[in-house]
Amino acid sequence: MFNDIGPLELVTLIVLAVLVFGPDKLPKVIQDVTRTIRKIREFSESAKNDIREELGPEFKDFEFEDLNPKTFIRKQLDNEDLGLKEIRNGFDLKKEMAEVTDAVHGRESDASSSSSGSSGGRIDMTKKPETPGRDDRPPFDADAT
């Protein structure tokens with residue numbers, strides 16, 4: 001429940017509790033808080049059991065933690081039936097990035113030279129600045145100003 005509380009924060013909370021409630025009332029407050037937390041947990045468990053009973057036997061292995069989107073996605077990605085591991089292993093990202101980099105810089109990569117066979121069909125992806133004429137102005141749009 002409080003997994004991310006460090007020792008310094010815990011000591012600070014204890015000191016604040018002693019200052020706010022006083023040393024004589026603090027044990028009663030702790031008992032009341034633990035009793036309330038216990039009742040909330042019991043209510044939560046009974047509500048979960050009621051929902052499972054209403055859903056029927058086909059949802060007996062249903063877990064409410066699966067409703068969390070992160071848990072649901074993680075569980076689906078770990079599922080072996082989808083074959084996602086084969087798809088992931090089929091990609092060679094370094095090779096693909098090297099091909100894109102070579103294409104951008106105008107170099108011919110090994111994979112593109114072996115697949116195309118000739119350099120006559122290469123696409124020039126370099127940007128060439130256009131030299132606009134002296135009187136070429138962008139069109140004036142009165143509504144835009």
**Q.** Residue that is modelled with pLDDT of 80 or more and open to solvent by 100 Å² or more (accessible area, probe 1.4 Å), where the choices are Pro69, Pro23
**A.** Pro23
Q. Which ones in segment 1-18 are loosely packed, with under 10 Cβ neighbours inside 10 Å and modelled with pLDDT of 90 or more?
A. Leu8
Q) Which condition breaks for Thr34 when tested against (1) under 30 Å from Ile14 (Cβ atoms); (2) surrounded by 11 or more Cβ atoms within 10 Å (Cβ to Cβ)? A) (2)
Q.
Tell me whether segment 72-91 contains one or more residues that are at pLDDT 85 or above, assigned to a helix (DSSP H, G or I) and not β-branched (Val, Ile, Thr).
A. no
(Q) I'm told Met125 meets every condition in (1) at pLDDT 65 or above; (2) touching a helix residue (DSSP H, G or I) at 6+ places or on another chain (Cβ under 7 Å) except one. Can you identify the failing condition by its number? (A) (1)
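The values are calculated or read from the model by the stated rules, or taken from the named source; none is laboratory data. Only a predicted model underlies this, so the values are computations on that prediction, with no experimental measurement involved. Positions of Cβ are generated from backbone atoms using ideal geometry, with glycine treated the same way; all protein chains shown enter the neighbour counts. We work out accessible area using only protein heavy atoms, side chains counted, and drop any ligands, DNA or RNA first. Shrake-Rupley method; radii C 1.70, N 1.55, O 1.52, S 1.80 Å.
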